[in-house]
Amino acid sequence: MGNLMNTLQDHHKKLLAQAEDLTKELGAGSKNAAENLVGFLKKELLPHIESEENSVYPEIDRILPKYGKPTATMTLDHQLVKRIVSEMEGKASDSEAVLKKAQELLLILNLHTQKEETVYFPLLRDYLQEKEQEALLHRIHENFKASKGSSEHECQEQILDVRNLPPPKRHPLIFQTFDEMRGGKAFILLNDHDPKPLYYSFLHEREGMFDWEYLEKGPEDWRVKISKK
Ligand SMILES: [Fe+2]
Ligand SMILES: [Fe+2]
């Protein structure tokens with residue numbers, strides 16, 4: 001049973017590893033690197049996607065309406081966008097790193113909006129009644145306002161980024177920040193793993209004094225809003 005899944009993942013792993021290696025060689029200025037990369041992409045990647053179109057996708061199309069969620073891949077894109085923005089925020093002092101991330105983001109955004117506009121939005125236009133379209137527009141604006149309000153609120157809070165701190169220094173700094181903060185205020189802890197042990201320390205050492213709310217749960221960054229009561 002696991003054979004198909006393993007094989008498909010294995011194909012991707014090998015393709016990506018080789019594409020990355022060849023790109024690195026190109027970046028390092030190796031001889032014939034550009035030719036090798038393009039040759040690989042034409043000989044391996046393009047046949048791979050062609051074969052997916054002809055064999056894998058028809059099978060997925062057949063079972064997806066019953067067992068899958070057609071917008072799940074779009075939600076994955078959204079999660080990636082959020083992650084990149086949060087990575088950019090963490091690197092705000094390094095404009096070269098932010099530029100790299102911004103280029104990555106634009107590529108994803110272009111593809112993502114193209115998918116929405118060519119595949120999904122026409123369905124709304126063609127199959128929702130006028131009244132349903134109006135109601136949806138209203139919900140879109142309401143949702144946007146609400147999430148904009150909460151993100152602006154979030155921006156007012158201090159972000160405590162402990163990702164580059166040596167682990168022994170993290171907890172003391174977090175507790176110090178909490179202790180120096182006035183009641184009713186909050187800060188956002190940005191960490192590179194789930195700060196669950198910290199949560200238990202808080203439960204123990206600041207019992208009844210705080211609120212703990214996950215804003216982002218990995219896989220690379222964790223954000224927790226820690227409020228003081
Ligand atoms: Fe693939
Ligand atoms: Fe979107």
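The values are calculated or read from the model by the stated rules, or taken from the named source; none is laboratory data. Bear in mind that the values here come from a model prediction, so they are computed numbers and not experimental data. Here the Cβ positions follow ideal geometry from the backbone for every residue, glycine too, while neighbour counts run over all protein chains shown.
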_Checking the structure you have, find out if any residue of region 57-72 is touching a strand residue (DSSP E or B) at 6+ places or on another chain (Cβ under 9 Å) and away from ligand 1 (no atom under 16 Å from the Cβ)._
no
_Of the criteria (1) among the aliphatic types (A, V, I, L, M); (2) modelled with pLDDT of 95 or more; (3) over 26 Å from E104 (Cα atoms), which one M1 fails_ = (2)
*Would you call V56 touching a residue at least 12 places away in the same chain (Cβ under 8 Å), out of contact with any Phe, Trp or Tyr (no Cβ under 7 Å at 6 or more places or on another chain) and of a type in the set (A, V, I, L, M, F, W, C)?*
yes
*Does Y214 satisfy the criteria of being at pLDDT below 95, among the hydroxyl-bearing types (S, T, Y) and in contact with a strand residue (DSSP E or B) (Cβ under 8 Å, 6 or more places away or on another chain)?*
yes
*asked:* Just to verify a result, which residue in region 18-35, among those that are hydrophobic (A, V, I, L, M, F, W, C) and away from ligand 1 (no atom under 14 Å from the Cβ), is surrounded by the most Cβ atoms within 10 Å (Cβ to Cβ)?
replied: L22
*Name every residue in region 1-14 that is under 17 Å from F40 (Cα atoms), within 22 Å of the chain's Cα centre (by Cα) and within 10 Å of ligand 1 (Cβ to nearest atom), in order of residue number.*
H12
*Taking the stated definitions as given, is P219 exposed (fewer than 12 other Cβ atoms within 10 Å of the Cβ), of a type outside the set (A, V, I, L, M, F, W, C) and part of a helix (DSSP H, G or I)?*
no
*Any residue at all in region 83-98 that is touching a Lys or Arg at 6+ places or on another chain (Cβ under 8 Å) and within 16 Å of ligand 2 (Cβ to nearest atom)?*
yes
*Among the helices (runs of 4 or more DSSP H) contained in region 1-92, which hold 2 or more residues that are of a type in the set (S, T, N, Q)?*
2-27, 72-90
*For I174, are the conditions met, namely being touching a residue at least 24 places away in the same chain (Cβ under 8 Å), in a helix (DSSP H, G or I) and more than 19 Å from T71 (Cα to Cα)?*
yes
_Residue satisfying condition, being within 16 Å of ligand 2 (Cβ to nearest atom), within 30 Å of E25 (Cβ to Cβ) and aliphatic (A, V, I, L, M), within set L123, L106_ = L106
*asked:* Restricting to region 177-200, name every residue that is in a loop (DSSP other than H, G, I, E, B) and more than 21 Å from N164 (Cβ to Cβ).
replied: M181, R182, G183, G184, K185
